[in-house]
Amino acid sequence: MPYQLLRFALSAKHPEAPMFRAPERLRDSYDAVIIGAGGHGLASAYYLARDHGMTRVAVLERGYIGGGNTGRNTTIIRSNYLTPEGVAFYDESVRLWQDLSQDFDLNLFYSTRGHFTLAHTDSAVRTMRWRAEVNKHLGVDSELVGPEAVKEAAPQIDLSCGGHAPILGALYHAPGAIARHDAVAWGYGRGASQRGVEIHQRTEVTGIDVQRGKVRGVQTSRGYVSTPRVLSAVAGFTPRVCHMVGLRTPLYIHPLQAMVTEPQKPWLDPILVSGSLHVYVSQSARGELVMGASLDPYELHSTRSTLDFTEGLAAHMLDMFPFLSHARVNRQWAGMADMTPDFAPIMGTTGVEGFYLDAGWGTWGFKATPVSGKTMSWTVANGRDHDLIKPFNLSRFSRYELTGEKGAASVGH
Amino acid sequence: MKILTCPVNGPRPVSEFVYGGEVRPMPDPANTSDFDWADYVFNRSGIPGVKVEWWYHLASGTWFLAERDTVADRVLRTWLPGEEHP
């Protein structure tokens, strides 16, 4: 065998170690248990270990790493929100995203594309102008542009959208980006695992032991573990986990569907969103068009797909890009979105001591993965809410202090 | 296409219907604390199961009740408000 080849066989660096350690058994106790090995849960574990020195941490996952909404979203990252608290939060997230690949030593395919929210009516143009001005005031890179700017960024677009929804302008957000979503979970998972955090896949939490208003441990499908701190980061399963500790929430679960086409050569650079046509679309590094629409119209705890969705979304895609009539749809799927009445998350401490929530991420959670991990790990380590997430505490509803983020949802819900 | 049975118009495609949310008893606004009122206004039983829900048939303007399994997405029965639970 040539030496060139043999030296790889002899090198300790090859083959590369698995990304995650797979500990065989659960310990009897941990300093913290995180439920859910998606982006948010693993990011929290990563920052708990890296920034707060907490490494006796277990991440429990009933399925597999990144198999929930982390692997089911359409990977759009932006910060053109409407409220000061929303902008401060998502802006920090965009900043963290930009050097995450370096941080992980893993290519996340973070790609800044520019994000257009299309306006098809006069009133939508007025709303976009208002959003642009609010954004500028809050220091976000955002502006109102005319249809010619949309045409320049995406020359294949039919500006009249089949004649029934002409594009009159757009809100343009230059930092808008996409990233490879699985790699985000893997990067955080590997970083946490290297620092001593245990990730237990196929381990379902079946109960939470609360005594005198304080968390004592969790019951799992593989036995009981005691812990004083539990962080729930389980998206569509949040109401079930909250039910285990007797908490009521305003969350309601609707499926959100998405689909991709077969890979095409690169032709669509920007991210395009149309509230009127219920479409958001970008082209991934692999060449697939990644497309989503609005929520399914009623409560459902399921990730089934429907033909209605494919037909509706395809029709609207053809309004924008008639030449796609020959494109084939490769995959279709759904995630369970945990929606809140004010389109802002529910984060931080709760009425149960030691029980922390990172929930209410509905249709907007992927972009917030890094900053959620940072602020939730701080919150779990210190036992009180981080400044950035104070407006998002569950108690805001009983005080009637909702946030005003609804207008910033990218597609009408 | 999913089919829902309107108690007046019979089986119709689900696109003709609007979901009106789970049936929830309203506390008396005059005698309720702000805290309990907020619980009624905002909080939901988000856990899956068989629920009684309001549904609206758009084409005929009919509000009715449906018992539905929110995991399997199966409608077990539908009836008009005020009617005997069939």
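Of B:E83, B:E67, which residue is more than 13 Å from every other protein chain (Cβ to nearest Cβ) and either over 14 Å from the mean Cα position of the chain (by Cα) or at positive phi (or both)? Give the derivation first.
Numbers: B:E67 fails: either over 14 Å from the mean Cα position of the chain (by Cα) or at positive phi (or both).
So the residue among B:E83, B:E67 that is more than 13 Å from every other protein chain (Cβ to nearest Cβ) and either over 14 Å from the mean Cα position of the chain (by Cα) or at positive phi (or both) is B:E83.
Scanning for something loosely packed, with under 15 Cβ neighbours inside 10 Å and not in a loop (DSSP other than H, G, I, E, B), does the range A:54-65 turn up at least one residue?
No, the range A:54-65 has no match at all.
Can you tell me which residue among A:Q219, A:Q257, A:Q201 is farther than 21 Å from A:S111 by Cα, assigned by TED's automatic domain parsing to the domain that holds A:L357 and either in contact (Cβ under 8 Å) with a residue 40 or more places away in the chain or out of contact with any strand residue (DSSP E or B) (no Cβ under 8 Å at 6 or more places or on another chain) (or both)? First the steps, then the outcome.
Numbers: A:Q219 fails: either in contact (Cβ under 8 Å) with a residue 40 or more places away in the chain or out of contact with any strand residue (DSSP E or B) (no Cβ under 8 Å at 6 or more places or on another chain) (or both); A:Q257 fails: assigned by TED's automatic domain parsing to the domain that holds A:L357.
When all the criteria are applied, what remains is A:Q201.
Do you know which residues across the range A:12-47 are assigned to a helix (DSSP H, G or I) and over 19 Å from the mean Cα position of the chain (by Cα)? Before you say what the answer is, go through the steps one by one.
Just the residues of the range A:12-47 that are assigned to a helix (DSSP H, G or I), to begin with: A:39-47.
Across the range A:12-47, there are no qualifying residues.
Within the range A:356-367, identify whether any single residue is more than 14 Å from every other protein chain (Cβ to nearest Cβ) and in a helix (DSSP H, G or I), and answer yes or no.
So far as the range A:356-367 goes, yes, one or more of its residues are more than 14 Å from every other protein chain (Cβ to nearest Cβ) and in a helix (DSSP H, G or I).
Which number in (1) more than 15 Å from A:S377 (Cα to Cα); (2) of a type in the set (F, W, Y); (3) crowded, with 24+ Cβ neighbours inside 10 Å marks the one condition that A:F20 misses?
Unmet condition: (3).
From the list A:T340, A:T303, which one is under 24 Å from the mean Cα position of the chain (by Cα), within 10 Å of chain B (Cβ to nearest Cβ) and among the polar types (S, T, N, Q)?
Values: A:T303 fails: within 10 Å of chain B (Cβ to nearest Cβ).
Exactly one of A:T340, A:T303 is under 24 Å from the mean Cα position of the chain (by Cα), within 10 Å of chain B (Cβ to nearest Cβ) and among the polar types (S, T, N, Q), namely A:T340.
Could you say whether any residue in the range A:377-393 is within 22 Å of the chain's Cα centre (by Cα) and free of Cβ contacts under 8 Å to residues at least 24 places away in the same chain? Before the answer, list the steps.
The first filter runs over the range A:377-393 and keeps only residues within 22 Å of the chain's Cα centre (by Cα), leaving A:377-380, A:385-393.
Next, only the ones that are free of Cβ contacts under 8 Å to residues at least 24 places away in the same chain stay: A:387.
Scanning the range A:377-393, I find at least one residue that is within 22 Å of the chain's Cα centre (by Cα) and free of Cβ contacts under 8 Å to residues at least 24 places away in the same chain, so the answer is yes.
Looking for something on the phi < 0 side of the Ramachandran plot, more than 25 Å from the chain's Cα centre (by Cα) and small (G, A, S) - is there at least one such residue anywhere in the range A:243-260?
The answer is no, given that none of the residues of the range A:243-260 is on the phi < 0 side of the Ramachandran plot, more than 25 Å from the chain's Cα centre (by Cα) and small (G, A, S).
Would you tally the residues in the range A:299-318 being farther than 20 Å from A:G162 by Cα and surrounded by fewer than 20 Cβ atoms within 10 Å (Cβ to Cβ)? Full working, then the answer.
Within the range A:299-318, the subset farther than 20 Å from A:G162 by Cα is A:299-308.
With surrounded by fewer than 20 Cβ atoms within 10 Å (Cβ to Cβ) added as a condition, the list becomes A:302-308.
So the count comes out to 7.
Could you tell me whether the range A:159-166 includes any residue that is outside the structural domain of A:T206 (by TED's automatic domain parsing), modelled with pLDDT of 95 or more and surrounded by 17 or more Cβ atoms within 10 Å (Cβ to Cβ)?
yes
Quick one: A:N330 ticks every box in (1) closer than 25 Å to A:H181 by Cα; (2) outside the structural domain of A:G163 (by TED's automatic domain parsing); (3) of a type in the set (S, T, N, Q) bar one, so which box is it?
Status for A:N330: all satisfied but (2).
Restricting the range A:70-88 to residues that are at pLDDT 90 or above and part of a helix (DSSP H, G or I), which is farthest from the chain's Cα centre (by Cα)?
Per the stated criteria, the residue is A:G71.
Can you confirm whether B:G10 is at pLDDT 95 or above and under 29 Å from A:T310 (Cβ atoms)?
Working: at pLDDT 95 or above: yes; under 29 Å from A:T310 (Cβ atoms): yes.
It is true that B:G10 is at pLDDT 95 or above and under 29 Å from A:T310 (Cβ atoms).
Taking the condition farther than 14 Å from A:A174 by Cα and outside the structural domain of A:I389 (by TED's automatic domain parsing), does A:V87 pass?
Against the criterion (farther than 14 Å from A:A174 by Cα and outside the structural domain of A:I389 (by TED's automatic domain parsing)), A:V87 qualifies.
Of all residues in the range A:97-118, count the ones that are without any contact (Cβ under 8 Å) to a residue 60 or more places away in the chain, closer than 22 Å to A:V140 by Cβ and not in a helix (DSSP H, G or I).
1
Scanning the range B:25-49 for residues that are of a type outside the set (G, A, S) and away from chain A (no Cβ under 12 Å), which turns out surrounded by the fewest Cβ atoms within 10 Å (Cβ to Cβ)? Before the answer, list the steps.
The first filter runs over the range B:25-49 and keeps only residues of a type outside the set (G, A, S), leaving B:25-29, B:31-32, B:34-37, B:39-44, B:47-48.
In the following step, the residues that additionally are away from chain A (no Cβ under 12 Å) were identified as B:25-29, B:31-32.
On the way: B:P25: 5, B:M26: 9, B:P27: 13, B:D28: 7, B:P29: 8, B:N31: 7, B:T32: 14.
Looking at residues that are of a type outside the set (G, A, S) and away from chain A (no Cβ under 12 Å), I get B:P25.
Only one of A:L318, A:L295 is of a type in the set (A, V, I, L, M, F, W, C) and either part of a loop (DSSP other than H, G, I, E, B) or within 14 Å of chain B (Cβ to nearest Cβ) (or both). Can you tell me which?
Numbers: A:L318 fails: either part of a loop (DSSP other than H, G, I, E, B) or within 14 Å of chain B (Cβ to nearest Cβ) (or both).
It is A:L295.
Output the number of residues of the range A:230-269 satisfying the condition of being within 13 Å of chain B (Cβ to nearest Cβ) and over 18 Å from A:N69 (Cα atoms).
Total satisfying the criteria: 9.
Do we find a residue being within 29 Å of A:I346 (Cβ to Cβ), at pLDDT below 95 and more than 13 Å from the chain's Cα centre (by Cα) anywhere in the range B:47-55? I'd like the intermediate steps shown before the answer.
Quick first cut of the range B:47-55, residues within 29 Å of A:I346 (Cβ to Cβ) only: B:47-55.
In the following step, the residues that additionally are at pLDDT below 95 were identified as B:47.
From the residues that got through so far, the ones that are more than 13 Å from the chain's Cα centre (by Cα) too are B:47.
Looking through the range B:47-55, at least one residue is within 29 Å of A:I346 (Cβ to Cβ), at pLDDT below 95 and more than 13 Å from the chain's Cα centre (by Cα).
Just to be sure, is B:T5 away from chain A (no Cβ under 13 Å), in contact with a Ser or Thr (Cβ under 6 Å, 6 or more places away or on another chain) and polar (S, T, N, Q)? Break it down stepwise before answering.
Values: away from chain A (no Cβ under 13 Å): yes; in contact with a Ser or Thr (Cβ under 6 Å, 6 or more places away or on another chain): yes; polar (S, T, N, Q): yes.
Taking the combined requirement at face value, the residue satisfies it.
Give the residues of the range A:264-283 that are touching a Leu at 6+ places or on another chain (Cβ under 9 Å), modelled with pLDDT of 95 or more and either outside any strand (DSSP E or B) or at positive phi (or both), sorted by residue number.
A:Q264, A:L268
The values are calculated or read from the model by the stated rules, or taken from the named source; none is laboratory data. Since we're looking at a predicted model, the values are computed, not measured. Note that each Cβ is placed from the backbone with ideal geometry, even for glycine, and that neighbours are counted across all protein chains shown.
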